[in-house]
1. Could you state the angle between the C-alpha long axis of helix 29-64 and the longest principal axis of the C-alpha atoms of the chain, as a value from 0 to 90 degrees rounded to the nearest 10?
2. Leaving out ligands and nucleic acids, note down the accessible area per residue over the chain with a 1.4 angstrom probe, in whole Å².
3. Among GLY16, GLY35, GLY57, whose mean-square fluctuation peaks in a Gaussian network model of the chain (Cα, cutoff 10 Å)?
4. So how tilted is helix 2-26 from the main axis of the chain? Cα-based, degrees 0 to 90, rounded to 10.
5. Taking 7 Å along the Cα-to-C-beta vector as the label spot, tell me the ARG17-ILE55 distance in nanometres, rounded to one decimal.
6. Using 5 Å bins from zero, what percent of all Cα-Cα pairs in the chain falls into each bin?
7. Protein chains only, probe 1.4 Å: how do THR26, THR12 rank by accessible area, largest first?
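The values are calculated or read from the model by the stated rules, or taken from the named source; none is laboratory data. Model, not experiment: these values are computed from the prediction. In this analysis, Cβ positions are derived from the backbone assuming ideal geometry, glycine residues included, and neighbour counts consider all displayed protein chains. All accessible areas refer to the heavy atoms of the entire protein, side chains included, with ligands and DNA or RNA removed. Shrake-Rupley method; radii C 1.70, N 1.55, O 1.52, S 1.80 Å.
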Amino acid sequence: MSRSEKLRGNATQIRGRVRELAGRATGNSRMRSRGRFEQFKGKAIRRTSNFKDSIRGTVRDLRAGKR
């Protein structure tokens, strides 16, 4: 589950980069803005996934009695 979320985040971020570059090349400010938003969204998805993994690891360690 986590791996697919990370891949989805990376794909969204890359799509945003491409869209931003296309907006810059064509002078379309709306497309540039949308691209920047998608990059932000991709980073947020990845960070959320990393946070979930961290929480899962902590819970797993607590259940096992590790500190």
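1. Tilt of helix 29-64: around 0 degrees.
2. Numbers: 5390 Å² over 67 residues.
Per-residue value: 80 Å².
3. Comparing GLY16, GLY35, GLY57 in a Gaussian network model of the chain, the most mobile one is GLY57.
4. 20 degrees
5. Calculated label separation equals 2.9 nm.
6. Going from the shortest bin to the longest, the percentages are 4, 20, 18, 14, 12, 10, 8, 5, 4, 3, 2, 0.
7. Accessible-area ranking of THR26, THR12, largest first: THR26, THR12.
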